[in-house]
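A short write-up of the structure that comes next.
Please treat every number below as a calculation from the coordinates, not as lab data. Remember, predicted model here, so these are calculated numbers, not experimental data. Note: ideal-geometry Cβ built from the backbone for every residue, glycine included; neighbour counts use all protein chains shown.
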Amino acid sequence: MSAIILFTAVSVAQLMLTTAMAISSVRMFYGPRAQDRIVGLDALYVNSMLLLVTFGIGTGKTVYFEAALVIGLIGFVSSVSLAKFLMRGEVIE
């Protein structure tokens, strides 16, 4: 019984995260301003990280959790560098 509930919950979560990724991709590609595009990129990497976590929960393999950690680190660094670029016009001083 609990395996069926877990499979259903993971499947629904993956479907919703895929939908959220599509919506954030639209915001990233068609955002009217650069700030909107960066917010779309942030939402996209967070959703992809969570999608990998749900894959890891569903399959029981730890490689998905490690990949989600790498995506989280790279996404954070890219968000900080893009925000610094928008504020100052340069990334490296």
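Among L69, L17, the order by Cβ neighbours within 10 angstrom, fewest to most, reads L69, L17. The slack between S2 and V70, meaning 0.36 nm per residue of separation minus the straight C-alpha distance, is 21.4 nm. Take the Cβ atoms of I57 and S79, set R0 to 35 Å, and the FRET efficiency comes out at 0.85.
When the helices of the chain are scored as -39500 (n - 2.57) per DSSP H run of n ≥ 4 and the total is divided over every residue, the value at 222 nm lands at -31000 deg cm²/dmol. Dimensions of the range 36-93 along the principal axes, based on C-alpha atoms and rounded to the nearest Å, stand at 44, 23, 7, largest first.
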